[in-house]
Amino acid sequence: MAILIYILMSWFPGAYNTGVGRFLGRICEPFLSVFRRFIPAIAGLDFSPIIAVLVLQFAETGLFYLLQMIGVG
């Protein structure tokens, strides 16, 4: 959810300079920078947040499945 809010903040000028923007930047930028190294912007559009969210969803699903297999969930 933090990544989605961080992405939407790019639509509002100066939103990254607010307290919430700086906080989300400290949380989201290290994770997003990993994907930005490998996925270049296409026509000025940054698709790395989409891939980052997909990776998080796959990790969540895999972790849930793993926990079910060992009987914790």
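Scan region 41-62 for residues that are farther than 19 Å from residue 1 by Cβ and part of a helix (DSSP H, G or I) and the total you get is 1.
Quick one: which of 59, 43 is open to solvent by less than 70 Å² (accessible area, probe 1.4 Å) and either aliphatic (A, V, I, L, M) or at negative phi (or both)?
That would be 59, the only listed residue that is open to solvent by less than 70 Å² (accessible area, probe 1.4 Å) and either aliphatic (A, V, I, L, M) or at negative phi (or both).
Against the condition in contact (Cβ under 8 Å) with a residue 12 or more places away in the chain and in a helix (DSSP H, G or I), how does residue 65 come out, does it pass? So residue 65 fails the test. Scanning region 1-40 for residues that are surrounded by fewer than 15 Cβ atoms within 10 Å (Cβ to Cβ) and outside any helix (DSSP H, G or I), we see that the one that is nearest to the chain's Cα centre (by Cα) is 1.
The values are calculated or read from the model by the stated rules, or taken from the named source; none is laboratory data. Values in this document were obtained by computation on a predicted structure and should not be read as measured data. Every residue, glycine among them, receives a Cβ derived from its backbone with ideal geometry; neighbour counts consider all protein chains shown. For accessibility, only protein heavy atoms count, side chains too; no ligands or nucleic acids. Shrake-Rupley method; radii C 1.70, N 1.55, O 1.52, S 1.80 Å.
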